[in-house]
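Scroll down for the structure; my scribbles are underneath it.
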Amino acid sequence: MGGWVNVDRVAVIVAIIAVIVSVASVVYGRRQANIAQEAKQEARRSADAAEQQVKIAEAAKDEARRAADAASDVARMEARRDHLAGAIRDVELLEVESRQHPTLPHRNLFAVFKNSGHRVYRYSIQVEYNTNSHSPVGTGRIDAGETVAVYLLRDGVPYGGIVAWFDGECPCDQPDGDQGHWRKFWRAPAPVVPQDEPPNVH
């Protein structure tokens, strides 16, 4: 009987050990599950944070692009303003003068231009008879503050207007025209007879 007791005791001990191992396995399993769940949640949080960082980076990239576009627009506007502040504004037609030819009995017309700006311009002047007919009459240079007179044609010959092409320093990216950077047109004004000779005749 003592042997059966020993066997029973061993069986009980084994059963207790099995229960302990089973409980420990369950506890360990739960711990592992909790650890895995926490790791999964941490990974999700990291993924969410990374996604948020990507969104922030994209937003910053878009904002930088918008800022660059705005700066480019401002630069273009400034360049356009500088262009419009060039020969289009600076050079004006003061008058068309009727002058007696020094040796012949007829009179000639001279266009008197003034550069009121601070830039130097090269010019090319044409007489416009109609929209399809132009005649070049003079080229030259007009300095800042200078007044020049350019021969047009004989007084009494009908014409429609004066076309002037100008070249000079301009920061804009606008392409030059066929004959210059700036183009101005004046309809033929009534000629005047000057009291004295113009300061500079070309």
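The values are calculated or read from the model by the stated rules, or taken from the named source; none is laboratory data. The model shown is predicted, which means the values in this text are computed figures rather than measured ones. Don't worry about glycine lacking a Cβ; one is built from the backbone with ideal geometry, like all the others, and counts go over all protein chains shown. The accessibility values were calculated without ligands, DNA or RNA, using every heavy atom of the protein model including side chains. Shrake-Rupley method; radii C 1.70, N 1.55, O 1.52, S 1.80 Å.
What the table shows:
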{"read-out": "Surface accessible to a 1.4 Å probe, V54 within the full protein complex, Å²", "value": "90"}
{"read-out": "Charge context of P105, other residues only, Cβ under 14 angstrom, K/R +1, D/E -1", "value": "+2"}
{"read-out": "Packing-based ranking, highest mean first, of 111-122, 92-103 given that Cβ atoms within 10 Å are counted", "value": "111-122, 92-103"}
{"read-out": "From phi via Karplus (6.51, -1.76, 1.60), per-residue ³J(HN,Hα) for region 119-127 in Hz, x at Gly/Pro", "value": "9, 9, 10, 9, 10, 9, 9, 10, 9"}
